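Visitor: Below is one structure. I have some questions about it.
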Amino acid sequence: MLKIYGADLSTPANKVRFVANALGLKYEYIRISIREKENQKPEYLKIHPAGKIPAINDDGFILFESNAIIRYLTCKQKSDLYPQDLKQRSLIDQWMDFASLHVAAAMNKVVFNRLFAPVIGVPVDEQSLNDGLKFLHRFLPVVDNQVGKEGLFAGKDLSLADFSLLAALDAADVVQIDLAAHKNIVKWRNTMQQKDFYTKCYRNYGEVLQKMMAAAPK
Ligand SMILES: N[C@@H](CCC(=O)N[C@@H](CS)C(=O)NCC(=O)O)C(=O)O
């Protein structure tokens, strides 16, 4: 059976679970604790040589990088989430890359500094935090405009681009990124978060964060 190696607070790993759920795949979800350094154990380094999450093992075929994984799973199922048509596919790739390389990259700076740095006891990097906020200020209006055109991120049909954006913005509320000014994003995100592929994982990222905090050793 397909194995997905992830962690509940890892947005790229959750993206893989959302897509696997949307495709109706059966899989075993294997939690790798970064806090416990399980990602640096020799067994896991055989799966991902840099000890990153997520990765999959599909009957012996090992793959990492969330976007490569979701493309693989979707192509294997011949799903319309990533259609065959070259131009449609390229537009989906364009917005997937935009979500990952710009939106998620900016979010990661904010998430690290506002959420994880205090937990792991490292100083907040104000420069990095401000860069993240500045880039979000620049990119979110672009995303809002794009989502407003036809209701979804890469047009009128649900695609892998929506999953990439959903994961990129998943932690927005817990790091006080107020999306209210971006009405199209808010509407799109509310719809996405009510879909079965999402609710099979959790109600929202804040819920899983609270559970993890409650369970963490004091
Ligand atoms: N570009 C990668 C990002 C993977 C990544 O940075 N994962 C984080 C968790 S969200 C991780 O493994 N961190 C542990 C580490 O860097 O040692 C993807 O989309 O799969």
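Visitor: Scanning for something assigned by TED's automatic domain parsing to the domain that holds residue 137, within 22 Å of residue 153 (Cβ to Cβ) and within 13 Å of the ligand (Cβ to nearest atom), does segment 83-98 turn up at least one residue?
Guide: Taking every residue of segment 83-98 in turn, at least one turns out to be assigned by TED's automatic domain parsing to the domain that holds residue 137, within 22 Å of residue 153 (Cβ to Cβ) and within 13 Å of the ligand (Cβ to nearest atom).
Visitor: Quick check on segment 134-142. Is at least one of its residues closer than 26 Å to residue 20 by Cβ and among the aromatic types (Phe, Trp, Tyr)?
Guide: Within segment 134-142 (the criterion being closer than 26 Å to residue 20 by Cβ and among the aromatic types (Phe, Trp, Tyr)), the answer is no, since none of the residues qualifies.
Visitor: A follow-up question, please. Of the conditions (1) touching a residue at least 24 places away in the same chain (Cβ under 8 Å); (2) over 16 Å from the mean Cα position of the chain (by Cα); (3) surrounded by 14 or more Cβ atoms within 10 Å (Cβ to Cβ), residue 117 satisfies every one except a single condition; which number is it?
Guide: The number of the failed condition is (1).
Visitor: With respect to residue 13, is the statement that it is under 19 Å from residue 167 (Cβ atoms) and either of a type in the set (Asp, Glu) or in contact with a helix residue (DSSP H, G or I) (Cβ under 8 Å, 6 or more places away or on another chain) (or both) true?
Guide: In short, yes.
Visitor: Among the residues of segment 65-79, which ones are in contact with a helix residue (DSSP H, G or I) (Cβ under 9 Å, 6 or more places away or on another chain) and not hydrophobic (A, V, I, L, M, F, W, C)?
Guide: 65, 66, 67, 71, 74, 79
Visitor: Could you identify the single residue in 176, 194, 146 that is loosely packed, with under 12 Cβ neighbours inside 10 Å and in contact (Cβ under 8 Å) with a residue 24 or more places away in the chain?
Guide: 176
Visitor: Here's a follow-up. Is there a residue being at pLDDT below 95, within 16 Å of the ligand (Cβ to nearest atom) and part of a helix (DSSP H, G or I) anywhere in segment 145-165?
Guide: Scanning segment 145-165 turns up no residue that is at pLDDT below 95, within 16 Å of the ligand (Cβ to nearest atom) and part of a helix (DSSP H, G or I).
The values are calculated or read from the model by the stated rules, or taken from the named source; none is laboratory data. Being a predicted model, the structure only gives us computed values, none of them experimental. All Cβ positions, glycine included, derive from the backbone under ideal geometry; neighbour counts span all protein chains shown.
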